[in-house]
Every structure is written in structure tokens, then in C-alpha cells.
Number of protein chains: 2
Amino acid sequence: MRELMVNLGERSYPIYIGEGILNDIASLFDKHGISRKSPLLVVTDDHVAQHYLNGVMSSLQNGGYTAASAVVPSGESSKSLAMLESLTAKALEAGLDRKSAIVALGGGVVGDLAGFVAASYMRGIRFVQIPTTILAHDSSVGGKVAVNHPLAKNIIGAFHQPELVLYDLSTLQSLPARDVRSGLAEVVKHGLIWDAEFVTWCDNNAEKLLALDAEALGYALYKGCSVKAAVVSQDERENGLRAILNLGHTIGHALEAVAGYGEFQHGEAIAIGMIGSAKLGVRLGAPEDVYTVTRRVLGKCGLPVRLPEQYDTDAIMKAMMHDKKFGEGTVTFIVPTAIGKVEINKQIDVTMIRDIVNELKQEADWA
Amino acid sequence: MRELMVNLGERSYPIYIGEGILNDIASLFDKHGISRKSPLLVVTDDHVAQHYLNGVMSSLQNGGYTAASAVVPSGESSKSLAMLESLTAKALEAGLDRKSAIVALGGGVVGDLAGFVAASYMRGIRFVQIPTTILAHDSSVGGKVAVNHPLAKNIIGAFHQPELVLYDLSTLQSLPARDVRSGLAEVVKHGLIWDAEFVTWCDNNAEKLLALDAEALGYALYKGCSVKAAVVSQDERENGLRAILNLGHTIGHALEAVAGYGEFQHGEAIAIGMIGSAKLGVRLGAPEDVYTVTRRVLGKCGLPVRLPEQYDTDAIMKAMMHDKKFGEGTVTFIVPTAIGKVEINKQIDVTMIRDIVNELKQEADWA
């Protein structure tokens, strides 16, 4: 079992990564101050519930915890104020008090939703993340939680750090292949922004990762979480440095919005976005391998590296201009300067981004 | 003009109290880091809007700010998730970004609602309080913001401190007499928990306060805010000491719930609650004047000191047991030990509270 601390002063917390961790859930909860005297609420989605909910509930109950559960429909549409209201009712009915915790068992949607319930219930109670996807290695570190508004994604939320994160690698074995690939996009991103050596490791181990080799996966998630934790420790509330985590996301979010949510998986959209950022970096003076290596590693992970032609460039640009990362009219982009290094560039010309979007349609497909 | 700092480390902020402050709104905003480059959203209710919205909007615009406004129906029912959704839409339409601020112009309902919009919009943006009631001197200090759930009041919220509070005494001149009396209950409460000298001052100046004498009111609000600020500075997130601010609130909230919200004003309900707490204090050994002085000062402020007989004791006790201040099954009460002093007593017998509730029905009316 690997253990990693996210250092945030009095809000610091550990991440455990390993096989079969869920069998030890009660002792880990106890070790990290989750009270047995106050009831818990486990939130999950209908897909994850089938595989893991019963196991988690009986581990908790056998370990002396009182826990209720709530199952929401899987998918982005559950990140709504209506679901916040219904989960708050569940929490009230189950008698959750200020010393209770809410447990998010699932991927990013469940983590974001259950996390915002925890952040707002009685103005904030404890929160535990049990991610069951590779993608969630990203969202489970850093405390960003939110629901969507009909007019904008993630616009109603909070920074609310968990008490602990339990990453049981066994739960990843049931992931659909497309979710595996999509999750690897954020893993590779963490290398690209921070750790050239880890990018080389991904380049050499992509096949093992796609095959869900437990040792390789444990290492990759540990490294991905480590980079995220290092960045978040330096800038918890996204006043500066934390923006580098958005590598590939500005174009990626615009693609998701234009294609309609659900058309691209998040990791697929940001893979294309990262190719775009790499091209931008090279155009601004970075060595050519920023583009070739980025493209090769993402391609090896089975991710798209070309923007399908049917998506209208004007529509993509318009969606991008609504993105909340454009503060006070300036156009900010995360730009690679080398493999493992990026800069926050606030002076990127919009026409250059338009060129890049058009070029992304001319890329060759991978292998 | 009086100025007071709420000391909360990097979240410290000033409260300005005086006549005509709203004329200087733009320069005070500028002084405290509210950006002219990002649009503002002013939230108010339909009563307050009639008197003060145009003035505030033109002061802001003349001072170089871009501001949109949103008017909600007055009253507790506006503290809802539906209103959060609609105000978030307003904020998006007005183009609020991460450097924008939301301005709460009104009483406690507007402050709680607009404050939670600010706490959750883009995971938290700046927030300014412009209280227009006496009662709001309490809610505008300390950063508690929330909306209601159909099953519980204030259950969905956050701790979100404002950047500054502007208390223009001129806005209090249009307050209905009943709101003046109700607001004074929290003013007196701040004396009762912390400052015996201020209780004596209230005893001697109740008439001036009821007559809205600007000098007396300015002093009383300054003292009330000072006590609240001192308590909150020591315990921002209500882990201990802050609970003393709940003097009279356990019985008070139960009365509000049983009578139906709106039947009692908040200050009226907690006035009765504080008489109950004083009786409990004396029963547990406090000097007799804890009861006589508490009763006299609240009576002089025109507040009820007797519980009307029609309210069923069983129903009140049941409502009290659902109150969220009862953590892990223990019955905690804020109990006066002298005028200006209280203790947090976690071992109060429920039957003693029941006796007190019954005795409150036998009190004589004031004067």
C-alpha cells in the first residue's frame, strides 16, 4: 500500500493507494478521526453501487459505524441543485450531525456532488473520497467540489478538502476500456506539467496501464496524485500556480461544450486540448519534442490526438470565450515550455488559438 | 463614523457604522480592494429596493463601477435553493468573474442568501454586506451564510466572510417599530453574554434606542458588533466558544418552528428564550439579578417576556430535540452565570428545560 500526504496545514490529509484497501475501511476511518458516534452517509451512483456498495456498507457496519446510503443516477446530470436538495434530505433523515462524514464512493461526478453536499451541510462537515475511476485520481485531490447550473458547469461549488482518500485498485478492474483511456489523460497531464521522468515512464509503460496491471497502475496513480498534491499545496484556492493543472482544459472544455456533454469523455477532450497546447508551445519557442512526445504518449494511451472535422471552429472559439478562466478580458493559456514544464501565459493572441484549433483538425490519427 | 475590525487573520475585515455612509460607497469599495474592472451584483429585497436601491446603484455607477441588481421577494421564503439558482443565473448574465463582488443590501435574509451565492459562485467570490436592519448587525458579522431546505432552516450554507460591512444608520429610520424592537433583542444579547457595563447602558438608554436616536443607535450597534467580532475572532467555525452567541436561541428556534415561521419575529422568540436561559441560570446558582435585569432590559426594549399559553410544551420540546445544536445526543445549553457572563453547559437535564418552558407561560407581561 502506498501512502501520500496532501500538505495543506490544518487541512492536510492522506491518500492511500493499494489493492483491497476497502476491507480496512473501518480502521482507516477510525485512524483519521471519523467518529463512530455520528452517522455517515455513503453517496454513490447506480453503476458503482452494483459492484461495491454492499461491500462498503458491511465493512463499515462490521467496523462499528452507522451508515445510510444514497444512490444517484450515473452521469453528469446528477451534479444538480435538485440532487443537492435530495441528498441533504437524506442526510437529515439519517440524522447526520456536525461530527458526521459524507463518503463519496465513485468517480468524479459522485465526488463533486457528494463533496458539495459535505461542504454545505450544516456549513460544512467531514468528507471522505473513495474514487473508483482512474480519472478521479485528479478530482479527489485538491478539494474542488461543485454542482452544475443549467447555464454553466461547476459554477456552484466550494473548496472543501476531504479527511482522507482511499484508492482501492481492485475497484478499477471493472472499469470500461474507454474510461481507462480517458483517465490516463489526466495521469499523463500531471507528468507533462511537472515531471519529465514520469512522462518517459508513461511512454514506456502505456501498455501495462491499458492492461490495468496493478503495480503499474498503483505507481501511475501515486505519481499523478503526488503532482496534483504538490501543486495544490502551493496554491489551494487557485490564485496562481494551480492554473497549470488546466493544461489542455481550455480547448478541452470548449470541445465538450460544443459537442454536447457526453459526446467526448473528459479525458478525450483534454487529450486533444493538450496536443493543441503542445503545438502552441512549439510555436512560441519550445523544443519540437514537446509536441512529438506529448502526441506519442497520448496516442499510446489510446486517446484521440485529432479534432474531428465536423466541429465548427467558430463555435469552439465562442465556447472558449465563455470559459471562466478568462478573467477581466485577458486570454490566459497554460503553455508547455519543455516536457515536464509549463508556464501561465496571459498574453496569448486569440487568433493564434484559432489557428491551432484549425490545425488540430489536420492531425493524422494515431497509429 | 465609527470603524471596527473583525480580526480573522487573512480574512479580517472592517465594519463602518455612521450616517450617510452609502454616499461614499464607491470610495470605500475602492479602498477595500473591490475591483472596478469586474462587474458587481447588488442583491436586495422588494421592500428595501423601494427605499435604497436606486441610490446605491447610482453611487456605484458614478463611482466608476459596473453593477447589475437583483430584487428578491422579502421574507424567509427567499432563502431557497431555487433563489440560489436564479441569482446564479443573474450573476452569469451580468458577467461576474472571479474578481467580482456580490453586494447584499438588506436585512438578514438578503445577507444570508446573497452571502451563500457569493460563497458558492465560482467556488467563492468577494462579498459586501450593507445591512439595513438592526437585527442584521448580528448576521453581518461572522460570515455565516445559508439557505433553507424544506426540512430544516439554514442547513445548506457556508462560512464566508465579507470584504467589508457598511452600516448606514440613515437606512434604519424607515424600519417598522416591531423590527426595531426585534433587532434590539440581539443587541441586548451581546451585552448579556460578554459585557455587563453595556447591559447597564442598554437599561438606561432603551428609550433612546426605540426612538432611533442616531448617536445611541450608532453606539449600540458598535458595541453589539464588537462583542460578536470578539467571539467570532476566537472561534470562526463554531468549534467551541462561538456557541455562546446562541444564548436564548435553543428555546427561541423551537418557538419559531412551533408557531410557524413569521408568527414570532426572530428577536421576539429569542427574547423569550433568553428569559428562559436566565431562569435556568438562577436555578443553577447564578445571582437572582441575572433574571430580574435580563427581564427588565428586554421589557424596556418592548420585547415579549412571557410565552403565550397556546403553544404546546410537548411540541416545543420536540422541536428543540431536532435542533442541530444537540450534537451526539447530549443536551447543551448556554447558561448565564452573571450579567455579562455565560457558560456552555453540556449536561442540562431535559426535564429541567421542560419546567422552564412551562414557567415561561406563567410570567407576567411587561409593564
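Just so it is clear, none of the values below were taken in a lab; they were calculated from the coordinates. In this text, all values refer to a predicted model and were calculated from it rather than measured experimentally. All Cβ positions, glycine included, derive from the backbone under ideal geometry; neighbour counts span all protein chains shown.
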With each run of n ≥ 4 DSSP H residues scored as -39500 (n - 2.57), what mean residue ellipticity at 222 nm is computed for chain B after dividing by its residue count and rounding to the nearest 500 deg cm²/dmol? -13500 deg cm²/dmol
Residues A:Thr66, A:Thr294 in order from fewest to most other beta-carbon atoms within 10 Å are A:Thr66, A:Thr294
To the nearest 0.05, how large is the calculated FRET efficiency for B:Ala214 and B:Asp46 if R₀ is 22 Å and r is the Cβ-Cβ distance? 0.25
Using θ = phi - 60° and the Karplus relation 6.51 cos²θ - 1.76 cosθ + 1.60, list the HN-Hα couplings for the range B:269-277 in order, rounded to whole Hz, with x at every Gly or Pro. 5, 6, 4, 4, x, 6, 4, x, 4
Quick one: work out the % antiparallel among DSSP beta bridges in the range A:2-174, nearest 5. 30 percent
For q = 0.16, 0.19, 0.23 Å⁻¹, Debye-computed log10 I/I(0) when each Cα of the range A:1-73 counts as one equal scatterer: -0.67, -0.91, -1.15
Which distances in nm, rounded to one decimal and ordered from shortest, link the label point of B:Ser27 to the equivalent label points in the other identical copies, with labels set 7 Å from Cα toward Cβ? 6.7
Using θ = phi - 60° and the Karplus form 6.51 cos²θ - 1.76 cosθ + 1.60, what ³J(HN,Hα) does each residue of the range A:175-188 get, whole Hz, x for Gly and Pro? 5, x, 4, 5, 5, 4, 4, 4, x, 5, 4, 6, 4, 4
Kirkwood Rh and Cα-based Rg: tell me the resulting Rg over Rh for the range A:177-360, rounded to two decimals. 0.94
Starting from the Cα gyration tensor of the range B:214-283, multiply each eigenvalue by 5, take the square root, and state the resulting semi-axes largest first in whole Å. 23, 18, 13
How much of the DSSP beta bridge set in the protein assembly as shown is antiparallel, as a percent to the nearest 5? 40 percent
Taking other Cβ within 10 Å of each residue's Cβ, how do B:His190, B:His149 sort, fewest first? B:His149, B:His190
So what are the ³J(HN,Hα) numbers for the range B:82-91, from phi and the Karplus equation (6.51, -1.76, 1.60; θ = phi - 60°), rounded to whole Hz, Gly and Pro as x? 4, 6, 4, 5, 6, 6, 5, 4, 4, 5
Got a sec? How would A:Lys279, B:Lys37 order by Cβ neighbour count within 10 Å, fewest to most? B:Lys37, A:Lys279
How big is the antiparallel share of DSSP beta bridges in chain A, given as a percent to the nearest 5? 40 percent
Difference of contour (0.36 nm per residue) and Cα-Cα distance, A:Gln234 to A:Ser12: 78.7 nm
Shape descriptor, chain B: equivalent ellipsoid semi-axes (Cα gyration tensor, sqrt 5λ, whole Å, largest first) stand at 35, 22, 18
Would you mind calculating the gained length between A:Thr351 and A:Lys31 on full extension (0.36 nm times residue separation, minus the Cα-Cα distance), in nm to one decimal? 109.8 nm
Over 29 Å between Cα atoms: which of A:Lys79/A:Lys228; B:Lys79/B:Lys208; B:Lys318/B:Lys346 fall into that group? B:Lys79/B:Lys208
If you line up the Cα atoms of the range A:139-230 on their principal axes, what length do they span on each, largest first, in Å? 41, 29, 28
If you line up the Cα atoms of the protein assembly as shown on their principal axes, what length do they span on each, largest first, in Å? 91, 64, 35
Semi-axes of the equivalent ellipsoid for the range A:11-120, Cα gyration tensor, largest first, Å: 21, 17, 14
In terms of Cα to Cα distance under 13 Å, which aspartates and glutamates are near enough to A:Lys279, apart from those fewer than 8 places away along the same chain? A:Glu288, A:Asp289, A:Asp355, A:Glu359, A:Glu363
